[in-house]
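The values are calculated or read from the model by the stated rules, or taken from the named source; none is laboratory data. For clarity, every value in this text was computed on a predicted model and none was experimentally measured. All Cβ positions, glycine included, derive from the backbone under ideal geometry; neighbour counts span all protein chains shown.
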Amino acid sequence: MRHLPLLCALLASTPALAAPPAPTTQQAAVLERVVLVARHGIRSPTKPPQTLQSQTGHVWAQWPVAPGELTDHGKQALEQMVGMVRQHYVQAGLLPASGCPTPGSLTIWADAKDHRTRESGAIWAEHLAPSCKQQPLSLAAAQEDPIFAGPATPLSVQEQNAITREFNQRVSTTPPTVGRSMNTLQAVLAPAACTTDKPHCLSTNTTTLAWKKDKPHLEGGLATGGTAAENLLLEYTQGMPVHAEPFGQQNPATLIEQVFPLHTQESWLIRRLPTLAAHKGATMASVVQDVLAGKPATALPAATEQTKLLVLSGHDTNLDVLATLYGLDWSFTDQPDPTAPNTTLAFELWRSPSGPYVTVRLFHQGLEALRTLATPDPAVDMQVIASGPSLQALRPIATQ
């Protein structure tokens, strides 16, 4: 498991962040640097409706954009999120209330692999520094970026074995809520499937860990159900009519809350496996560490010692990986998806009279807010979830 020692070294490598615990007040503290890791905006499902139907036995709604692309509605919701984030960091003194940031102090870096992350990066650039012609940066379009996808180095045999062990341990202790969610989803998608249409019966399709080109993938009913649950959420947040397919006569918000444990469990069984997260997250973790330490980011030349605010426009998978690496966990009362579109994880370096400390802040938008484009409320949509003297010593706020 060669990436685990590497990650431990990264998290412990910066003496400048080793300091006393965070003070109880930030009145005397100064915010020095921030790294934002943001999921892209509301997108269409990554597969066309015909493919989804063949996988689930259900006729899915048509979208106004090609598979996997941002919608106009999604772009508007992301603009609102960026507006809230900007307001917070203006008040914190990191961004100017008027005029443009100091040259080199703001960097927007998007995953080049997908058009939706590049578009999201452009929205961050335009609305985080309005009228400043801030340029979002990325690798060449469609190129895989190790910051978001993990290193090109394949998993070792030891890592593959560890991932398999971790998966087997977790899949053997599936919570009862997952079974109830699967039954509810089955009744919506293909109610007769388990008696007349076995290929579309979620509960009889055993969840397994499959290896393709030395990369792990989740297969089976839970994988299909988790994706379907996410697609239900995407359709609702897109603002589709309440009784449009695939909601039928169900109350969509209630239905989504009931079935979303499938997607959460899907993440737990693959994205949040410790060994896989260490492999996929090592590069991004090194960037976070370097920027907070005020050093040029070895893995991201665009981030220099001048960078005060770095935005990484990525995916929900990146949020899951960093949550695993740093021992973070969270949930929302108004949003069943902890990594819903636009959810943004902020790593903040503060300096107080007693020394520097790190705060982890979370920005999100509720299910109804995404659907209706309601103006974000920082009192509800922003929360500090962890802090500590360093990245490797973060503690959940509830335990402090």
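Assorted remarks:
- Any pair with Cβ under 7 angstrom, 6 or more apart, that starts in the range 38-64 at a residue that is in contact (Cβ under 8 Å) with a residue 12 or more places away in the chain and ends at one that is part of a loop (DSSP other than H, G, I, E, B) and charged (D, E, K, R): Arg43/Glu69; Ser44/Glu69; Gly57/Asp197; Val59/Glu245; Trp60/Glu245; Ala61/Glu245
- Of all residues making up the range 192-240, the number that are on the phi < 0 side of the Ramachandran plot, assigned to a loop (DSSP other than H, G, I, E, B), in contact (Cβ under 8 Å) with a residue 24 or more places away in the chain and exposed (fewer than 13 other Cβ atoms within 10 Å of the Cβ): 1
- In this structure, Gly294 does not satisfy being under 19 Å from Gln53 (Cβ atoms) and surrounded by fewer than 23 Cβ atoms within 10 Å (Cβ to Cβ).
- When Gln335 is tested against (1) in a strand (DSSP E or B); (2) surrounded by 23 or more Cβ atoms within 10 Å (Cβ to Cβ), just one condition goes unmet, and that condition is (1).
- In this entry, Asp329 passes the filter for residues that are among the charged types (D, E, K, R) and either free of Cβ contacts under 8 Å to residues at least 40 places away in the same chain or part of a loop (DSSP other than H, G, I, E, B) (or both).
Every residue, every condition in (1) in the same structural domain as Gly179 (by TED's automatic domain parsing); (2) closer than 12 Å to Gly150 by Cα; (3) at pLDDT 95 or above; (4) assigned to a loop (DSSP other than H, G, I, E, B), yes or no:
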| position | (1), (2), (3), (4) |
| --- | --- |
| Gln258 | yes, no, yes, no |
| Leu262 | yes, no, yes, no |
| Met284 | no, yes, yes, no |
| Gln289 | no, no, yes, no |
| Lys295 | no, no, yes, yes |
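- Look at (1) touching a Pro at 6+ places or on another chain (Cβ under 9 Å); (2) closer than 21 Å to Gly220 by Cβ and you find that Leu128 fails only one, number (2).
- Test for Ala340: is it buried (at least 20 other Cβ atoms within 10 Å of the Cβ) and either of a type in the set (Phe, Trp, Tyr) or not in a strand (DSSP E or B) (or both): yes
- Hey, Gly248 part of a loop (DSSP other than H, G, I, E, B), surrounded by fewer than 21 Cβ atoms within 10 Å (Cβ to Cβ), at pLDDT 95 or above and out of contact with any His (no Cβ under 6 Å at 6 or more places or on another chain) or not: no
- With respect to the conditions (1) small (Gly, Ala, Ser); (2) modelled with pLDDT under 95; (3) assigned by TED's automatic domain parsing to the domain that holds Thr375, Ala190 lacks only one, and its number is (3).
- Each residue in the range 84-119 was checked for being under 17 Å from His40 (Cα atoms) and assigned to a helix (DSSP H, G or I), and 8 pass.
- Subset of the range 135-191 (residues that are outside any loop (DSSP other than H, G, I, E, B) and on the phi > 0 side of the Ramachandran plot): none
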